[in-house]
Each structure stands twice: as structure tokens, then as C-alpha cells.
Amino acid sequence: KKMYKIAVLPGDGIGPEITEQALKALKAVAEHFGHEFQFTEALVGGAAYDAVGHPLPKETLDLCYSSDAILLGAVGGDKWADLPPELTPERGALLPLRKLLGLYANLRPAVVFPALANASTLKPEVVEGLDIMVVRELTGGLYFGEKKREDLPDGTVRVTDTLVYTTEEIVRIARLAFELAAKRRKKVTLVDKANVLESSRYWREVVANMAAEYPDIEFNTMYVDNAAMQLVKMPKQFDVIVTDNMFGDILSDQASQLTGSLGMLASASIGGKIGLYEPSHGSAPKYAGLKRANPIATVMSGAMLLRYSFDMEKEAKAIEDAVTEVLKKYRTRDIMEEGLQLVNTDEMGDRIAEQILAG
Ligand code: NAD
Ligand code: IPM
Ligand code: MN
């Protein structure tokens, strides 16, 4: 029997408490389906900086390289925001981790669970049944181009961020988007700013050409400003959205609110040998340690880990079904509705794990 090694990086803020709930679900899956998962924890982000002086210690990176998949909570917080950029949790740990592992594709599914149709701030008929997959390019663009801060002779400052993409980077993310769409509702929307940005103009050229290879897939393009508006006006027009690193970051948080809460949005960062799974949200510092955060985004990231790294479709589905069931009765504060039972982070994790074992 294969032993699957999972690196667990809880990180900062609510990271540890939400990660713990995903582990409960994965352990329940192991027990229920007779798998062997070995979990090894390591420090990342501000927690690592405080302990050893670097947000991505070598031991953590080594552990990641020797694992079959990585589960991450979240990193960051005010405490570390003003460190030199290369020592911040975001630029010193999270981005290098994605880059070093070659995780160019970030899948962020915005799915409205049946029980949550009334939990969104949008009208239920607008979001009911929604199932969007945001495919965000994750290792290029503005995040990874040359950055500069220059002090000018007159005492003012000039700052630069560079947006770079190569043919290969665009082709591989678009390929993945088309292939995902082929297994879904067969629609791909490229979101860009081709009326202004040279990089976007080229994305359009490349992706439109590729669309011709997929005659069964409906392809359209949309400027990002319009896409932001369409996402709240008529979100069900979207199936797969493919877009660059920056636009994907913003639009995925926006899409999350359609599902009821940012705390529902899972993510999978794939494309390399070892996948990284983390909620789309951050470390929510104001809730740290309060057991108020919604752990479902992290639990569902665990389901994505099983699906994309271990090819365990029925096991992934077991987690998703358990969440579907539990949401009929139990809610964390961010998605609480009248007549249902309010639970804390731990209790939500327990209910989901029990449901997996019962299912
Ligand atoms: P955030 O995602 O942490 O929080 C945004 C809002 O959503 C806050 O009101 C927060 O309380 C709420 N929220 C987030 N997750 C929630 C959950 N599971 N349950 C209930 N409510 C939840 O974003 P932010 O406040 O802009 O950033 C906080 C820190 O997190 C920053 O340091 C940022 O860089 C970092 N961050 C990290 C990641 C990551 O590790 N992948 C992602 C985003 C932000
Ligand atoms: C995310 C986060 C990160 C990003 C930050 C923390 C670097 O917002 O995972 O969405 O922008 O990619
Ligand atoms: Mn983000």
C-alpha cells in the first residue's frame, strides 16, 4: 500500500486553526477508504521568521520537495508587513514556494452549495447553482517581473513593477483551462485588458488561436473591468475564467463572495510535480485564535489535494459531499443564517469529519 506524504504548513493568523480542520477531514478519508497519509508539519511565513529568522526555512523547502503534496493554511500579518520584501511572508515564502515548485496554475472554484443560495449578499436567483472555475496564472506577470524602487535626486521616488509573459507561459495555462472546460460546461472566458496592455494583446492572440483547436468549447474574451461587473450582474454566464496572475487574484476574491463567503473558496496550485493546496483567503489576523473563521475553504482545498495530486476522485467527492450535508445544519459565523446552528472552527471540522466517516 502506498504511503502518501503530505507536508503541512499551517502558517500565520487563522492558518493553524483552519489547517487542523482540513487534517481532520483527510484523516477521516484515510480511515474510511483505507489509505495511508503521513502528515509532517513545518514552519512557514511569519511563524517561521519569528522562530528561525526566515519565512521559508531550508528545512521547510526540503520537506516540500520530499512530499507528495502540500497543504498550507495562510501567511502574513501586520507584524511582518514592513520587513525587507524578501523576508515578508508573502514575498519571502509564498511566492517563492509557488515559483520554485513550478505551480503555474491556480484553480479557484467558486461553487454555490445548495444550502448557501441565501447566504450570499447577492439575490439567491443570481447565484443559485453557480459553478465557476477561475484559472489564474500563478508564476508570472506583475508578481514576478522586475521590481524597483529608486530614490531620485530631487528627493522623490520612482517605483516600478514589470509585467512579463512568454508564449510558453500563456500556452500552458490556456491549455489547462481548455482541458478543464472540456470536462465541465465547455466554455472558456479569457479576461484581460487587451485594449491597453501589450501583454494582454498577446494573451488574446495566443489564446484565440488555441481556441480554434477546441471546436466544442465556446470561447470569448472580456475586458477585466467589464468582467468584474458581469461577475456580480450575471455570474452564471461564466464556466472557466482564464486570466493572468494579478487579475486572477482580484477576481477570485470577488467570485468568492458569490458563494457566501471568502471562507468557502478553496484553491489548488498545480502544474509542477508537487501540488500546493491552500484556501484562497489570507490569514484573517483579526480572527486569529478566536475559532471563528470558516475552515471550509481549507477543507475543500484538501479535497482538491486528493483529486489533483493523488487522483482520488471518490475520496475528494466524499469530502465535498460531507460539506454539502453539514451546511444544511451547521454554520460558522460568516455564513450563519436564521434557524441553523452556529458552530466554531473546530466544531465545523468535527461535523465534516464525522460526516465523511458516516458517508
Ligand atoms: P484575508 O483573506 O485574510 O481577509 C479578508 C477578509 O475576509 C477579512 O475580513 C477576514 O476576516 C475575512 N476572512 C478571511 N478568511 C476567512 C475565513 N476563513 N472565515 C471567515 N472570514 C474570513 O485578507 P487580508 O485581510 O487582505 O490579508 C490579511 C493577511 O493575509 C495579509 O498579510 C495578506 O498578505 C495575507 N494573505 C495571505 C494569503 C495566503 O497565504 N495565501 C492570501 C491572502 C492574503
Ligand atoms: C492569494 C494571496 C497572495 C497572492 C498574496 C498573499 C501574495 O492574495 O493567494 O490570493 O496575491 O497571490
Ligand atoms: Mn489573493
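The values are calculated or read from the model by the stated rules, or taken from the named source; none is laboratory data. Owing to the predicted nature of the structure, the values given are computational and were not obtained by experimental measurement. Cβ atoms come from the backbone with ideal geometry, glycine included; neighbour counts cover every protein chain shown.
When you check residue 87 against the structure, is it over 25 Å from residue 326 (Cβ atoms), among the hydrophobic types (A, V, I, L, M, F, W, C) and without any contact (Cβ under 8 Å) to a residue 60 or more places away in the chain, yes or no? In short, yes. Specify which of the listed residues (244, 253) is modelled with pLDDT of 95 or more and within 11 Å of the chain's Cα centre (by Cα). On inspection, the qualifying residue turns out to be 253.
Between 223, 214, which is closer than 30 Å to residue 120 by Cβ and outside the structural domain of residue 271 (by TED's automatic domain parsing)?
223
Would you check if there is a residue in segment 226-239 being away from ligand 3 (no atom under 14 Å from the Cβ), out of contact with any helix residue (DSSP H, G or I) (no Cβ under 9 Å at 6 or more places or on another chain) and either in a strand (DSSP E or B) or free of Cβ contacts under 8 Å to residues at least 12 places away in the same chain (or both)? Checking segment 226-239: at least one residue is away from ligand 3 (no atom under 14 Å from the Cβ), out of contact with any helix residue (DSSP H, G or I) (no Cβ under 9 Å at 6 or more places or on another chain) and either in a strand (DSSP E or B) or free of Cβ contacts under 8 Å to residues at least 12 places away in the same chain (or both). Here the condition is being at pLDDT 95 or above, in a strand (DSSP E or B) and loosely packed, with under 15 Cβ neighbours inside 10 Å; of 213, 205, 168, 150, it holds for 150 alone. The single condition among (1) over 12 Å from residue 21 (Cβ atoms); (2) crowded, with 24+ Cβ neighbours inside 10 Å; (3) more than 16 Å from ligand 3 (Cβ to nearest atom) that residue 337 does not satisfy is (2).
Looking across segment 245-283, just one residue is without any contact (Cβ under 8 Å) to a residue 40 or more places away in the chain and over 24 Å from residue 327 (Cβ atoms), and that is 250.
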